[in-house]
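A short write-up of the structure that comes next.
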Amino acid sequence: MPFNMPVYAVISIALMIFMFVLSFVLKIVKRLRLTVPLIYLILLFTVLREWRVQNETLAIVILFGLIVLVALSWIKSFFRFFRRF
């Protein structure tokens, strides 16, 4: 085998690529104003797991409400952008 790279170098490169992709995804989430729904989803699947199972409908309604608020902010920005012209 001509290419004999140490294991720690491969892990380091994989970790660096993962961090780059994660950074890129978080920048997109921030630009699209989806930070609050993302934080809510992370909390639902980690800290609030039992509550989510017991109140599944409420959890989905809250998530839907957050996404609707994000969509309304997009529409508001859209109208502001075209009002300038």
Notebook entry, point to check: Filtering region 34-72 down to residues that are surrounded by 12 or more Cβ atoms within 10 Å (Cβ to Cβ) and among the hydroxyl-bearing types (Ser, Thr, Tyr), which residue is farthest from Phe24 (Cα to Cα)?
Noted result: Tyr40
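Does Ile17 qualify as being out of contact with any His (no Cβ under 8 Å at 6 or more places or on another chain), modelled with pLDDT under 95, over 26 Å from Ser77 (Cβ atoms) and in a helix (DSSP H, G or I)?
The answer is no for Ile17.
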Check: For region 3-10, does any single residue satisfy the condition of being in a helix (DSSP H, G or I) and either surrounded by 11 or more Cβ atoms within 10 Å (Cβ to Cβ) or in contact (Cβ under 8 Å) with a residue 24 or more places away in the chain (or both)?
Finding: no
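So for region 32-41 (the condition being within 29 Å of Trp74 (Cβ to Cβ), assigned to a loop (DSSP other than H, G, I, E, B) and of a type outside the set (Lys, Arg)), does at least one residue qualify?
Scanning region 32-41, I find at least one residue that is within 29 Å of Trp74 (Cβ to Cβ), assigned to a loop (DSSP other than H, G, I, E, B) and of a type outside the set (Lys, Arg), so the answer is yes.
The values are calculated or read from the model by the stated rules, or taken from the named source; none is laboratory data. What you see is a predicted model, and the numbers here were worked out from it, not measured in a lab. Cβ: placed from backbone, ideal geometry, glycine included. Neighbour counts: every protein chain shown.
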